[in-house]
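Undergrad: Here it is, the structure in full.
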Amino acid sequence: MKKLKEKAQAQKKHRAILLFSSLLLGAMIVAQAYFIVTIVDRIFLQGASVSELLPEFGGLLLVLLGRGLFTYINGRTGVRMASIVKKEFRAELLAKFRRNPMQASLKGQSGEKVSVMMDSIDEIEAFYTKYYPQMIQTTFVPIIILIAVFSVNWVSGLTMVITAPFIPIFMIIIGQKTQKKSEEQMEKLAAFSGRFLDTLQGLSTLKYFGRSKEQLEGIRESSINYREATMDVLKIAFLSTLMMEFVSMLSMAIIALEVGLRLVIYNQLSFFTAFFVLVLAPEYYTSLKELGSAFHAGRGSTGAANRVTSELEQEEQPVEWGDNRLLGSDSPPSIEFKRVGFTYGEGSFALKEISAEIAPFKEVAIVGKSGAGKTTFLHLLSGLVSPSEGEIIVDGRPIFSYQESAWFDQIGYISQNPYLFSGTIAENIAVGGTSQSTRAEIVIASEKAGIAELVEGLDDGYDTFVGEGGRGLSGGEKQRVALARAFLKMPSVVIFDEPTVGLDLQTERILQRSIKELAKGSTIITVAHRLHTIKNADQILFLAEGSLVASGTHEDLVTQVPEYAEMVAVQQGGDAS
Amino acid sequence: MKELGIVVKLVMKEKKDVFYSILFGFLAGMATVSLFANSGYLISKAAVTPPLYVLTVSIALLKLFSVTRALTRYAERYYSHRATFTILSNLRVHFFERLEPLVPGIFQKYRSGDLLSRIVGDVESLQNFFLRVYYPPIVMIIVFLSTIAFTMYFSVEVAIVLILGLILTGVIVPGWFAWKRKNIESKLRVQRGELSTETTEFLYGFLDLKIHQKQKEKEQQLTNASNSYIEEQERDGVRGLFNHSVNQMVSLTVSWFILVIGGYLVSAGQLDGVFLAMLVMISLTVFENSTPMAVFPSHYEDSRLAASRLFSVVGGQKQDTNKSSEKPKELKQLDNRDAWTIEMENVSFAFPDEKRLALDNVSLNFPAGSKTAIVGPSGSGKSTLLQLLLKVYEASKGNVRLQGESIDQIENKSVWKGTNIVLQHNHFFYGTIRDNLLIAGDELTDEAMLQALGKVQLGKFALDDRVLEHGQNLSGGEKQRLAIARVILKGSRLWLLDEPTSSVDALTESIIFQHLLEQAKEDTLILISHRLTGLEQMDRIIVMEHGKMIESGTFSELMDKKGYFYEMKQIEKSVFT
């Protein structure tokens, strides 16, 4: 809640508007009471006619309209404030994700982060649209009413002052109780409400087992249990409203009794004063009670804000680029790892002390079991994450001393699961090129990547929509799109994560052929899963448990590194089966 | 409107709670009006020094009204929420009943995986229907009419103004805003969708964006999407406020008119001045009952959209279900004690909205008791073939016959009953291992279940072990093995297995297959396999590509032939995992 308040206080202008219109709103409420009471008093007791009271009637009409207007302004300001804060938070989150991107996807938390970006930020809204304006209103309106009441009858004023604290006190006591209770129920509630979705999702399975009809009772039962659990929580909330109602009622009764007695028995008060106090008293207590419901609405926002802040406060390993240009453009850069280590935090190294050299135009294969750190190696090599230890030297200088664009212009990355953006196939391939890529260039790239035939067979050809809401492509097809991207770009360093499963023959052949083609003008670094790739490599980096165990050609490693020889033997043993 | 009719029917099932909600809502509304009317009367009466008993009675009434108000409000809230949750339960059950016959076919029609969560969300949002749309207007109208009848006794003119006020604030203003609001909801939804897509692409596609330096562009798109979504939310919020404020101003203006008319009548001697304050208090209070009408349009529109979305899911296929229910007697039952023969004759199939044939003129025979493996790249039509056998789809051309009987003449349930199905993704329910196994049959003993677990190498599981939603606490391989255990327990005699062990290691896989083949010795078995190992034991291997069968034969026949299968085998041999 603190963070949200800070954000609210930072908006000085909007805060000033809220303060100002709350003050005026209070004034309107008092003026409304004044005019109504005056008019009734004059007509009823002093026998005045409507025409004599035209100024009062006019004033009352203005005040009534003013009341609506200031309520509107207050609400509108809250909505504006919410928009600004939501924009700020989204921008901060975006900046955070930009600085710290790979960690998220490496830890498989992308889904969570999407939800923070969407839902949590939307939930923050209630704090500014409901809670904050109401809080300011409740700070001022009762005070103004009190001043008005004190000025005509201090006894009633005093009663109001004394009774007022009971409302927040009750609110807090009951609020705490509800929170505990609702926290207790939370798990239960989640289980009950999840049951329906669970059953729907499993409906095919149930039908195959001939069990679907029986689920009806289960759904009914869990729904009713859900109802009971929810009602338990709600009953307390309703009870708290009831108590508050009783408190304010009792207070109003005391005030009514006081003004009544003094009006009738002691003749100490005029009708005007008594009526004035009686009209204002409910306004006073209503305003206090409203804070309660606003507080409730604001509390949901606090949870959401906590999620956003904890996301923002996550440790980061930012990647900062320099402004050196890359040297020779006709030859791929030389790359050297100098005692490079990488950790995701908590001291557990994904890679440690890797030292290796990759000369231009070489075909390098990275080999190791799953979890050996191969993908992390690729991420480091491509400059997507920065090493926790050591450094990567490119053409004699640290990689991060270069311009970001200069470096990435050299890189092609074909991952196992390339991402398709929602858009046409042509747009997806064009991602690899500059914005000026022509359709002809895209078609040539597609042909080289062996996807042209497939694309042209589609009704809309290159204009077929893919990605979210579009046509789905298979894993092999996606990799071919990624290849087409690479052909469009013609990078001097190609990073390739070879598929771990056998694809269809056609894709296998295309992949081999394409990599060979790309290799003519570039260095190729492959996380290799195929024996022929490994055998053909100029250099093999053999990783195990985050360390570089050995490096050399296949023949070197088979003879010199028992672990490697064993791995190959197991693979070829598997062959026999 | 039509769709909401069904919801109304479900609401009416809870007559008692509905009745109590309206009754107590009415009493609470009337108590409030009476409370303020009485206090206005009391104070006026007090001013003209009445006999003491009038005051005493009035004060007693005042107490009575306030206690009644507080208690009836509580009761109203209690019953209306109880009703709401009961209705929610009815809705779920009703919807489930309508959806159940359409599964699994309907899941193929709606490809997007979030269909089910949308359904759950829509059902959930219909809880506002009773609470905000259905009963508040009823309460409002009854309270208004009673109040108007009461004021009629004092002044017909005032009553007429109240009627006008009711029409304005209860019908015209909300109606006008409802009409203006019509397109907004869908616009918000679209913009939210856009933002969600951009965020997802930014996070999931980060690697490709970064490498191809499209990240800045995407950030800009994301920011734009966020801003226009926020602006639309703001517009929506401000519109709602405006609506609310206009309603408030109109009702205050009506009170003003009543004061003018009342004042005039008093001066003209047509109304006793002692009632003037009372009438003003009445009109100020009674309009509180029309406040819920300010949110009526948005809730009405939400409910209408939710209902029409829901029933478009289950309603669209109504004809199909009718068709099958018209002639249920013609459908045949197969004896599930026999091992079935399956024949496919010139079968072709294309997915809805796709020109490409997923199955292209396939003719296959699966004799009773035969063991067949189907292999081929992803997208070659293997799974589609199984789906035709499961009656998830109907063949566009050609015949599928079970036991010589055309499959569309056989009842779905009979097919499913006789089949042991393991799909690529199998659903597990929240509960225990035992719960999930018992789906296969109620009479299963713990012994039998433990034995089945043993066969799939899950001996480490106890029957009471927890299974979370979607089996998210189980690994991929454990889920697959649990699914196999489940069909082992089902014990039907046609086995349809779609890559049942793709996440299980080779050794465990072969042990499980020995058990399976043992149990299925006399049964018909079709196995879609992603691996080419262990297929020597099959009677026949079918190789598919692009929806066609391109090779078939025993393992050794295919290897000798040195065709497609042989080449795939060579690649598989060279792939390291």
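Every number in this text was worked out from the coordinates using simple rules, so none of it is lab data. Since the model is a prediction, treat every value here as computed from it, not as a measurement. Using ideal geometry, Cβ is built from the backbone for each residue, glycine included, and neighbour counts are taken over all protein chains shown.
Undergrad: Compute the distance in nm between two label points, each set 7 Å from the Cα along the Cα-to-Cβ direction, one at B:TRP179 and one at B:GLU518.
TA: According to this spin-label approximation, the distance is 7.7 nm.
Undergrad: Report, for the protein assembly as shown, the % of DSSP beta bridges that are antiparallel, rounded to 5.
TA: Among the beta bridges of the protein assembly as shown, antiparallel pairing accounts for roughly 50 percent.
Undergrad: Calculate how many DSSP beta bridges within chain A are antiparallel, expressed in % of all such bridges and rounded to the nearest 5.
TA: Looking only at bridges with both residues in chain A, the antiparallel portion is about 50 percent.
Undergrad: Additional query: Using a Förster distance of 22 angstrom, determine the FRET efficiency expected from the C-beta separation of A:GLN560 and A:ARG339, and round it to 0.05.
TA: 0.45
Undergrad: Place a point 7 Å from Cα of B:VAL171 in the direction of its Cβ. Which residues in the range B:239-268 have their backbone N less than 15 Å from it?
TA: Under 15 Å, as judged by backbone N against the label point of B:VAL171, lies no residue of the range B:239-268.
Undergrad: Next question. Can you sort B:ARG189, A:ARG90 by how many other beta carbons sit within 10 Å, fewest first?
TA: B:ARG189, A:ARG90
Undergrad: May I ask for the distance between the Cα centers of the range B:433-468 and the range A:14-33, given as a whole number of Å?
TA: The range B:433-468 and the range A:14-33 have Cα centres spaced 68 Å from each other.
Undergrad: Which value in deg cm²/dmol, rounded to the nearest 500, describes the helix-derived mean residue ellipticity at 222 nm for chain B, given -39,500 (n - 2.57) per DSSP H run of n ≥ 4 and division by the residue count?
TA: My calculation for chain B gives -20000 deg cm²/dmol from helical runs alone.
Undergrad: Follow-up. Using a 10 Å cut-off around each Cβ, can you sort A:THR507, A:THR241, B:THR169 from fewest to most neighbouring Cβ atoms?
TA: A:THR241, A:THR507, B:THR169
Undergrad: So how far apart, in nm, are the two label points at A:THR139 and A:GLN317 if each is 7 Å from Cα heading toward Cβ?
TA: 4.5 nm
Undergrad: How large is the convex hull of the Cα atoms of chain B per residue, expressed in Å³ as a whole number?
TA: 218 Å³
Undergrad: If you don't mind, there's one more thing I want to ask. Could you list the residues of the range B:507-541 with an amide nitrogen less than 13 Å from a label point located 7 Å from the Cα of B:MET559 in the Cα-to-C-beta direction?
TA: B:532-538
Undergrad: Report the convex hull volume per residue for chain A, counting only C-alpha atoms, in Å³.
TA: 257 Å³
Undergrad: In µm²/s, what is D for the range B:171-244 at 37 °C and 0.692 mPa s, where D = kT/(6 pi eta Rh) by Stokes-Einstein and Rh is the Kirkwood radius from Cα pairs?
TA: So the translational diffusion coefficient is about 234 µm²/s.
Undergrad: Return P(r) of the protein assembly as shown (all Cα-Cα pairs; 10 Å bins starting at 0; whole %; ordered from short to long distances).
TA: Using 10 Å bins, I get a P(r) of 2, 8, 14, 17, 16, 14, 11, 8, 6, 3, 1, 0 for the protein assembly as shown.
Undergrad: Based on the Cβ-Cβ distance of A:LYS2 and A:SER151, what FRET efficiency does E = 1/(1 + (r/R0)^6) give at R0 = 60 Å, to the nearest 0.05?
TA: Using R0 = 60 Å, I get an efficiency of 0.95.
Undergrad: Per 10 Å bin, what percent of the C-alpha pairs of the range A:1-143 does each bin hold, from zero upward?
TA: 11, 28, 21, 16, 11, 7, 4, 2, 0
Undergrad: Within a 10 angstrom radius of each residue's Cβ in B:193-200, how many Cβ atoms of other chains show up on average? Whole number is fine.
TA: Mean shielding by partner chains, rounded to a whole number: 6.
Undergrad: Would you mind classifying the range B:360-431 by shape? Square roots of the alpha carbon gyration tensor eigenvalues, ordered a ≥ b ≥ c; an a/c under 1.5 is rounded, otherwise it is prolate if a/b is larger than b/c and oblate if not.
TA: Taking the square roots of the gyration eigenvalues as a ≥ b ≥ c, the range B:360-431 is oblate.
Undergrad: Show me the ranking of peptides A:242-254, A:33-45, A:307-319 by mean Cβ neighbours inside 10 Å, starting with the highest.
TA: The densest-packed peptide leads the list: A:33-45, A:242-254, A:307-319.
Undergrad: Cross-link candidates for A:LYS130: which lysines have Cα within less than 16 Å, leaving aside residues fewer than 8 places away along the same chain?
TA: A:LYS5, A:LYS7, A:LYS86, A:LYS289
Undergrad: Let me ask something else. Defining a contact as two alpha carbons under 8 Å apart and six or more residues distant in sequence, what relative contact order in percent does chain A show?
TA: Contact order relative to length: 14 percent.
Undergrad: Right, next: Hey, how many Å between the Cα centroid of the range B:50-67 and the Cα centroid of the range A:475-550?
TA: If you average the Cα positions of each part, the centres end up 91 Å apart.
Undergrad: Quick check on the exposure proxy: order A:THR523, A:THR139 from fewest to most C-beta atoms within 10 angstrom.
TA: A:THR139, A:THR523
Undergrad: By how many nm would the segment from B:SER378 to B:VAL54 lengthen if fully extended, with 0.36 nm per residue of separation less the alpha-carbon distance?
TA: 107.7 nm
Undergrad: Taking loop as defined by DSSP and a crowding limit of 12 other beta carbons within 10 Å, which GluC sites (Glu not before Pro) in the range B:437-474 fit?
TA: B:GLU443
Undergrad: Find the centroid of the Cα atoms in the range B:503-519 and in the range A:37-64, then give the distance between the two in whole Å.
TA: 94 Å
Undergrad: With the cut-off at 28 Å, tell me which of the pairs A:LYS448/B:LYS548; A:LYS478/B:LYS573; A:LYS13/B:LYS216; B:LYS187/B:LYS216; A:LYS3/A:LYS180 have Cα atoms farther apart than that.
TA: A:LYS13/B:LYS216
Undergrad: Right, next: Averaged across B:532-539, how many Cβ atoms of other chains sit within 10 Å of each residue's Cβ atom?
TA: That works out to 1 on average.
Undergrad: Set the Förster distance to 25 Å, then compute FRET efficiency between A:LYS177 and A:ASN225 from the Cβ-Cβ distance, nearest 0.05.
TA: Efficiency computed from Cβ-Cβ geometry: 0.70.
Undergrad: Additional query: Return the average number of partner chain Cβ atoms within 10 angstrom of each residue Cβ along peptide A:454-467.
TA: 1
Undergrad: Taking the Cα-to-Cβ direction at B:MET152 and at B:GLU443 and moving 7 Å from each Cα, how far apart do the two end points lie in nm?
TA: It is 7.1 nm.
Undergrad: If you don't mind, another one. So what's the projected area for the range B:71-199, the Cα convex hull averaged over all directions, in nm²?
TA: 12.1 nm²
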